[in-house]
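Here the structure comes first, spelled out in C-alpha cells, and everything after it is commentary.
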Amino acid sequence: MALKRRCTGVGTALVVLLALAGCAAPAASTEPAEPTIGTVPQLLESVALRLPVADYLPSREQNERLTRANLALIQRCMNRFGITYDVKPVPRGDYGPISLTDRRYGITDASLARTAGYGFGPRDPALQPAPDRPSIGADGQTVLSGQGRSIVNGLAVPAGGCVGEADRALNASVPAATDLREGQTMQLRSFEESKTDSRVRKVFTAWSACMSESGYHYADPLAAAGDPAFKGPPSPTQISVALADIACKARTNVIGVWFTVESAYQRRAIAADSRGFANIRAAVAARDSAAAKVISP
C-alpha cells in the first residue's frame, strides 16, 4: 500500500518511469507450461502407436459391437409397429485410417505412397459400401426418428423414435454425470495443443528445411498432405512429394517427437481429472457389455 501511495499524484512522465521500474507488477501468465517429455524415441511409423487417450475411447471392436447392437434394437422396435427395417450392418473393412494414430501425424507408409501418393489406395473411403436405405414410408420414418405423429399403428412412438429408444437402452448403464464424449474431446484438444508446442514446431522447421532440399516448400507435414494440388488420382509429382515427406520425417524424427509431445499433453489432462477419466473407462466397458448382450445368440 505504501508503494501505491508513493505512485499516486506524481507527474505523468514519472509515473511511466516508476511503472517501468516495477511500480506496476506484470500480470502473471495464465498459459500452462509445456509438459515435460523425457527421452524421445526414434519412430518411423505411427499406425501401431497407442496414445494415452485410447484407454478412454471405445476400441474398433467395441464400436463394431455397438453399431450391430444399435441396429438390432432399432429393428426390434420397428417390428413392434409392424414395420420391417431391412438394413444389414455395413461390412467391416479397412477404409481410411485403420487406427487413431494412422495418418495422425501425416503419411508414413512409403510402399503405399509409391503408388497412391497421399491417398489410401485400396483403403480409399470412397470404395466403402454405402449403407442400405430401405423404403419404409412416412409411418416408418416417423417411428424411426420420432418426428411426426405420436401414435402409429395404435402404439405410442417412443421419444426420439426407435433411434432414441436404442440409444437409451445402450446408454442405460452410463451415469448421467459421465460424458463419454470427453475422451474424443480431449484427443482433439491435445492434437491442437501439440501442433503449437515449441518442440514440435522445432521439428517442423527441420522437416521443412529437409523438404526444401528436394525443391518442395511446405511449413509442416499437414500442409503437404493437404495440398489442394494433390486431390484426385496421384500424379508423379504427388508421389515424389509424398516420398520426400516420409524420408524427411525419418531424418528429423517428426513422428517420435510429435507422438511423445502429444502423449504428454494427454497424460497431463488425464492426471488433472483422474476420477472423471476412470469413470469414462468404466462407462465405456459397461456400454460394451450391454451391446454384447444385445447381439449375443
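Summary table
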quantity	calculated
For the range 43-76 versus the range 114-133, the gap between their alpha-carbon centres in whole angstrom	20
Cut-off 16 Å, label 7 Å out along Cα→Cβ of residue 209, residues of the range 225-259 by amide N	248-254
For the chain, built as a Gaussian network whose Cα springs stay under 10 Å, the top-fluctuating residue of 156, 224, 69	156
The chain - percent relative contact order, Cα under 8 Å, separation 6 or more	30
Helix-derived mean residue ellipticity, 222 nm - over the chain, DSSP H n ≥ 4, -39500 (n - 2.57), to 500	-16500 deg cm²/dmol
Average Cα contact separation per residue, the range 94-200, under 8 Å, 6 or more apart, as relative contact order %	14
Potential lengthening between residue 223 and residue 87 on full extension [0.36 nm per residue; Cα-Cα distance subtracted]	45.0 nm
Charge tally in the Cβ shell below 13 Å around residue 146, where Lys, Arg are +1 and Asp, Glu are -1, residue 146 excluded	-1
Neighbour-limited loop hits for trypsin sites (Lys or Arg not before Pro), the range 178-241 (at most 13 other Cβ within 10 Å; DSSP other than H, G, I, E, B)	181, 231
Cut-off 9 Å between beta-carbons: net charge of the residues surrounding residue 204, Lys and Arg +1, Asp and Glu -1	+2
Contour minus Cα-Cα distance for residue 195 and residue 111 (0.36 nm per residue)	27.6 nm
Helical segments meeting 15 Å axial Cα length and Kyte-Doolittle -0.5 threshold in the chain (DSSP H)	198-213, 236-252, 254-272, 274-295
Max mean-square fluctuation residue, GNM over the chain, Cα-Cα springs under 10 Å, options 244, 72, 272	272
Under 30 Å from residue 293, Cα to Cα: lysines that are on another chain or at least 8 residues apart	88
Separation of alpha-carbon centers, the range 267-282 and the range 206-239, rounded to whole Å	38
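A short reminder: the numbers here are calculations on the coordinates, not readings from a lab. Small disclaimer: the values here were computed from a predicted structure and weren't measured. Here Cβ is always computed from backbone atoms with ideal geometry, including for glycine, and neighbour counts include all displayed protein chains.
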